[in-house]
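Okay, so here's the structure we're looking at.
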Amino acid sequence: NPTVTAMSNAMFALKGGNAIIIAPHPRAKNVSRVTVEMMNDAIYPLGAPAHLIQIIEEPSIELTGELMQAVDVVVATGGGAMVKAAYSSGKPAYGVGPGNVQCIIDKDSTYE
């Protein structure tokens, strides 16, 4: 889950022309760091700025809370406490429980 979540959220950010900072669960920090390194290594030769995808290498609840208060938009995947913290950050937030994915659908899209 930590690799797929990082890749999915990074894809959404990059497709929208944004950078992203990944704040992984502390137990997933190593695999998440390697995933971020691999993604940056793959997109840099394509013209992306170095370190367009960033990661908190020593994550904690406190650092994640500070990050959520400093960014423009919060995208949170995790337990109920994480999603509640995202919604309480004072920033626009999209949150879901573990194993789910956030879906942002343009208001002008149509269903056929």
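Check Val74, Val83 and return the single one that is in contact with a Gly (Cβ under 7 Å, 6 or more places away or on another chain) and either of a type in the set (S, T, N, Q) or open to solvent by less than 50 Å² (accessible area, probe 1.4 Å) (or both).
Selected residue: Val83, the only one of Val74, Val83 that is in contact with a Gly (Cβ under 7 Å, 6 or more places away or on another chain) and either of a type in the set (S, T, N, Q) or open to solvent by less than 50 Å² (accessible area, probe 1.4 Å) (or both).
Can you find even one residue in region 12-24 that is open to solvent by less than 80 Å² (accessible area, probe 1.4 Å) and assigned to a helix (DSSP H, G or I)?
If we filter region 12-24 for residues that are open to solvent by less than 80 Å² (accessible area, probe 1.4 Å), which is where we start, we get 13-14, 16-17, 19-24.
With assigned to a helix (DSSP H, G or I) added as a condition, the list becomes 13-14.
There is at least one residue in region 12-24 that is open to solvent by less than 80 Å² (accessible area, probe 1.4 Å) and assigned to a helix (DSSP H, G or I).
Among Val83, Val34, which is closer than 21 Å to Val4 by Cβ, assigned to a helix (DSSP H, G or I) and modelled with pLDDT under 95?
Val83
Test Arg27 against the criterion of being within 17 Å of Asn1 (Cα to Cα) and touching an Asp or Glu at 6+ places or on another chain (Cβ under 7 Å), and give yes or no.
Here the answer is no, as Arg27 does not meet what is asked.
Look through region 42-71, keep the residues that are open to solvent by less than 90 Å² (accessible area, probe 1.4 Å), β-branched (Val, Ile, Thr) and assigned to a helix (DSSP H, G or I), and return whichever of them is nearest to Met11 (Cα to Cα).
Ile43
Thr3: in contact with a helix residue (DSSP H, G or I) (Cβ under 8 Å, 6 or more places away or on another chain), β-branched (Val, Ile, Thr), part of a helix (DSSP H, G or I) and open to solvent by 40 Å² or more (accessible area, probe 1.4 Å), yes or no? First the steps, then the outcome.
Numbers: in contact with a helix residue (DSSP H, G or I) (Cβ under 8 Å, 6 or more places away or on another chain): yes; β-branched (Val, Ile, Thr): yes; part of a helix (DSSP H, G or I): yes; open to solvent by 40 Å² or more (accessible area, probe 1.4 Å): yes.
It is true that Thr3 is in contact with a helix residue (DSSP H, G or I) (Cβ under 8 Å, 6 or more places away or on another chain), β-branched (Val, Ile, Thr), part of a helix (DSSP H, G or I) and open to solvent by 40 Å² or more (accessible area, probe 1.4 Å).
The values are calculated or read from the model by the stated rules, or taken from the named source; none is laboratory data. Treat the numbers as computed from the prediction; the structure is a model and nothing was measured. Methodologically, a virtual Cβ is constructed for each residue, glycine included, from the backbone with ideal geometry; neighbour enumeration extends over all protein chains shown. Only protein heavy atoms, including side chains, enter the accessible area calculation; ligands, DNA and RNA are left aside. Shrake-Rupley method; radii C 1.70, N 1.55, O 1.52, S 1.80 Å.
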